[in-house]
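The values are calculated or read from the model by the stated rules, or taken from the named source; none is laboratory data. Quick caveat: nothing in here was measured; it's all calculated off a predicted structure. In this analysis, Cβ positions are derived from the backbone assuming ideal geometry, glycine residues included, and neighbour counts consider all displayed protein chains. In case anyone asks, the SASA skips ligands and DNA or RNA and just uses the protein heavy atoms, side chains included. Shrake-Rupley method; radii C 1.70, N 1.55, O 1.52, S 1.80 Å.
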Amino acid sequence: MKKILGSLLVVSLLLLIYLIGPAGDVEKAKPELLRAQDGAKVSAPAVSGDTQKAILNTSAEISPWEKALSDAIDSSEDHSVICAKLIEMLKTASAPAQGVIAKHITNLANDTDFEKLIPYLSDQSMGKTFHEVVAADLLNRPDAIKLPNLLKVASQSWHPLQQKSLEFLRILTQEDAGEDWAQWEVIVKQKLNKPSSQ
């Protein structure tokens, strides 16, 4: 009987150890919890490299072109003067910068200022975002500015907005000359000569 009881006790102890683990393993399993209970400081989770970069970038200095842009738009100068400065910046700006600068120009530019931006719409060195920003604002300009320049973009096979410009020409003129650019010039002139054209 004593042997049976002894065997049961050993089995029970082994089962208990299996379920909760050896006492020495408790410290290994939950060191943070035990240290916290002792009042010691628990270290924060490790921050990944990408997260560290994101944190550092929030306090990084702005680039030279961003500073030049900020100085220009924050100045008290006439809008036309500011537009001229921003247009000059386009000559050396990167593709992402071109798009940002273009948005500020189109927000400030009257029709005369906007026409100074038009040559860049046919410049292959300008990024796609720049072309999209300028072309979008072009649609808000008078027909005398809008139609000839939509035609110019539509006739340039390399242009990222070639097909869109051609479609807008069809809608605005209610005509369709396909890719017959000479005929389109006639259509545009006729449209502009109508009294209702802006």
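Some observations on this one:
- Taking 16 Å as the cut-off, the amide N atoms of the stretch 97-134 that come nearer than this to a point 7 Å along the Cα-to-beta-carbon line of Glu167 belong to 132-133.
- Both radii were evaluated on the Cα set of the stretch 156-198; the Rg over Rh quotient, with Rh as the Kirkwood radius, amounts to 0.99.
- Pairs over the 31 Å Cα-Cα cut-off, from the set Lys67/Lys164; Lys91/Lys146; Lys67/Lys152: Lys67/Lys164; Lys67/Lys152.
- Hull volume per residue, based on the alpha-carbon atoms of the stretch 124-168 and their convex hull, is 61 Å³.
- Our analysis of the stretch 85-198 gives Rg over Rh at 0.98, with the two radii drawn from alpha carbon positions and Rh computed by the Kirkwood formula.
- Virtual spin-label span in nm between Lys91 and Lys67, 7 Å along Cα→Cβ: 2.1
- Segments 111-117, 62-68, 149-155 sorted - mean Cβ within 10 Å per residue, highest first: 149-155, 111-117, 62-68
- Summing charges over neighbours of Lys191, with a neighbour being any other residue whose Cβ is under 14 Å away from its Cβ, gives 0 when K and R count +1 and D and E count -1.
- Calculated P(r) of the stretch 61-108 - Cα pairs past 14 Å, %: 43
- To the nearest 10, the accessible area of Val81 is 60 Å² with a 1.4 Å probe.
- Rounded accessible area of Glu167 (nearest 10 Å², 1.4 Å probe): 90
- Spin-label pair Asn140-Lys128: with each label point 7 Å from Cα along the Cα-Cβ axis, the two points sit 2.3 nm from one another.
- Using a probe of 1.4 angstrom and keeping all protein chains present, the accessible surface of the stretch 54-198 works out to 57 square angstrom per residue.
- Neighbourhood net charge (14 Å Cβ-Cβ; Lys/Arg +1, Asp/Glu -1) for Val133: +1
- Here the accessible area is traced with a 1.4 Å probe on the protein chains. For the stretch 80-198, carbon and sulfur cover 49 percent of it.
- Calculated FRET efficiency, Lys116 to Asp180, Cβ-Cβ distance, R0 = 22 Å: about 0.15 to the nearest 0.05.
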